[in-house]
1. Of everything in the stretch 227-242, what is outside any helix (DSSP H, G or I) and either of a type in the set (Asp, Glu) or under 16 Å from the mean Cα position of the chain (by Cα) (or both)? Give them in sequence order.
2. For Glu5, work out the one condition from (1) touching a residue at least 40 places away in the same chain (Cβ under 8 Å); (2) more than 25 Å from the chain's Cα centre (by Cα) it doesn't fulfil.
3. Return yes when Arg77 is closer than 16 Å to Phe10 by Cβ, of a type in the set (Lys, Arg) and touching a Phe, Trp or Tyr at 6+ places or on another chain (Cβ under 8 Å) and no when it is not.
4. Hey, any hits in the stretch 185-196 for a residue that's aliphatic (A, V, I, L, M) and open to solvent by 70 Å² or more (accessible area, probe 1.4 Å)?
5. If we scan the stretch 199-220, do we find a residue that is assigned to a helix (DSSP H, G or I) and either in contact with a helix residue (DSSP H, G or I) (Cβ under 7 Å, 6 or more places away or on another chain) or open to solvent by less than 30 Å² (accessible area, probe 1.4 Å) (or both)?
6. Please note which helices (runs of 4 or more DSSP H) are completely contained in the stretch 100-183 and include at least 2 residues that are free of Cβ contacts under 8 Å to residues at least 24 places away in the same chain and more than 16 Å from Leu201 (Cα to Cα).
7. Residues that are surrounded by 18 or more Cβ atoms within 10 Å (Cβ to Cβ): find the helices (runs of 4 or more DSSP H) completely inside the stretch 243-321 holding 2 or more of those.
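The values are calculated or read from the model by the stated rules, or taken from the named source; none is laboratory data. Small disclaimer: the values here were computed from a predicted structure and weren't measured. We place every Cβ from the backbone using ideal geometry, glycine too, and count neighbours over all the protein chains shown. Each accessible area value is taken on the protein alone, full model and side chains, heavy atoms only, with ligands, DNA and RNA left out. Shrake-Rupley method; radii C 1.70, N 1.55, O 1.52, S 1.80 Å.
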Amino acid sequence: MYLSEAIDSFIGHSRARGLEPSTIDNLRQPLTRGLEAWGDLPMQDISSHHVDQLFAYNQYKPRTQNLYIGALRQFFRWANHTGIRVGDDPTFGWRARKVEREDRVRIPVERFPDLLDAAGSARDRMVVAIGLYTFMRGSEIQLLRVNSVNFSGGVIHMRRQKTKEDDSMPICLELREELVRWLAFYRQNCGNEDLRPTWFLTPSKGPNTYRKDRATGEYVQVPGERLRPWTQVSHPYEIAKKAMHSIGYPSVKNEGIHTLRRSGARALFDSLKAQGEDQALLIVGSMLGHKDTKVTAHYIGLQVERERRNQRFTGERLFPDMPKTRGLKAI
């Protein structure tokens, strides 16, 4: 079997296993790069030399290289298991490179009001508010419906896309105020009719409309939003990036809804710690949907063990039971 056929079969196998589209894209990309570099070889002819060649001619960053090596290793393991290719693993000897920890953007809580006010529209403000106050991912915000909001129960029902689990996030007072204001606007935008339960909570908007100005003869944009309740919002991360840029944060790749998520989570942790809450990290991790507090600590940029160490021993005796020394004798 040739490489192109094997790639198609592998992607079909991955899709049949129910992997997320983003995961499948991550598997496909390095295989496509290999096909471009090596040509459509018979699977049996691919060797470690070809893998060396791929990375020698492309100076990938450590994180990308690790991702590619993992995908290639998974592909060749599958090929060997199915009998498409028999022999040594061409990725043998390749190890993960150390990835330097990046200092990600976190917006301080003092700037949350500025960020909300900088959102380009009522719909965009609601997207930003959900990100800041519930720490949801963009894909989770997109799926929210009007009936996801339960004011009497004080929660928003959601589906965690990463773990495929249902959860109910608390509606804090700040979020409640935003929701009440937004739903009133939503209702007015739709002709003051009752909002249908299955409509998207933050829907897409129709194209901008323009009219001809009689005085100048130029076409000007008609103010206001045209909501499309039956269609989910697209690219919520762009909404967050635009609002961030408006208050002085540069447009950076990989910043957006996750920036709101990180910022809200860190602000909550700091607030809980200031109140003396011992389970602050566990509470924040639950809000984020993390099962491991180490993941939470890394996500919000917190060196928990180092902070605990310094708080515990700074200015204190390390060994209280050790007899005091008499000091150095004068020489």
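1. To start, the set of residues in the stretch 227-242 that are outside any helix (DSSP H, G or I) comprises 227-235.
Answer for the stretch 227-242, where residues must be outside any helix (DSSP H, G or I) and either of a type in the set (Asp, Glu) or under 16 Å from the mean Cα position of the chain (by Cα) (or both): Ser234, His235.
2. The failed condition is (1).
3. Numbers: closer than 16 Å to Phe10 by Cβ: yes; of a type in the set (Lys, Arg): yes; touching a Phe, Trp or Tyr at 6+ places or on another chain (Cβ under 8 Å): no.
Criteria not met by Arg77.
4. Here is the first cut: in the stretch 185-196, the residues aliphatic (A, V, I, L, M) are 195.
In the following step, the residues that additionally are open to solvent by 70 Å² or more (accessible area, probe 1.4 Å) were identified as none.
No, every residue in the stretch 185-196 fails to be aliphatic (A, V, I, L, M) and open to solvent by 70 Å² or more (accessible area, probe 1.4 Å).
5. Within the stretch 199-220, the subset assigned to a helix (DSSP H, G or I) is none.
Checked the stretch 199-220: no residue is assigned to a helix (DSSP H, G or I) and either in contact with a helix residue (DSSP H, G or I) (Cβ under 7 Å, 6 or more places away or on another chain) or open to solvent by less than 30 Å² (accessible area, probe 1.4 Å) (or both).
6. Values: elements: 112-118, 122-134, 138-143.
Answer list for the stretch 100-183: 112-118.
7. On the way: elements: 257-274, 280-288, 293-299, 304-313.
Per the criteria, 257-274, 280-288, 293-299.
Residue-wise test of (1) more than 15 Å from the chain's Cα centre (by Cα); (2) farther than 22 Å from Arg181 by Cβ; (3) not aliphatic (A, V, I, L, M).
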site: Asp89; (1), (2), (3): yes, yes, yes
site: Gly93; (1), (2), (3): yes, yes, yes
site: Val105; (1), (2), (3): no, yes, no
site: Ile141; (1), (2), (3): no, no, no
site: Asn147; (1), (2), (3): yes, no, yes
site: Val155; (1), (2), (3): yes, no, no
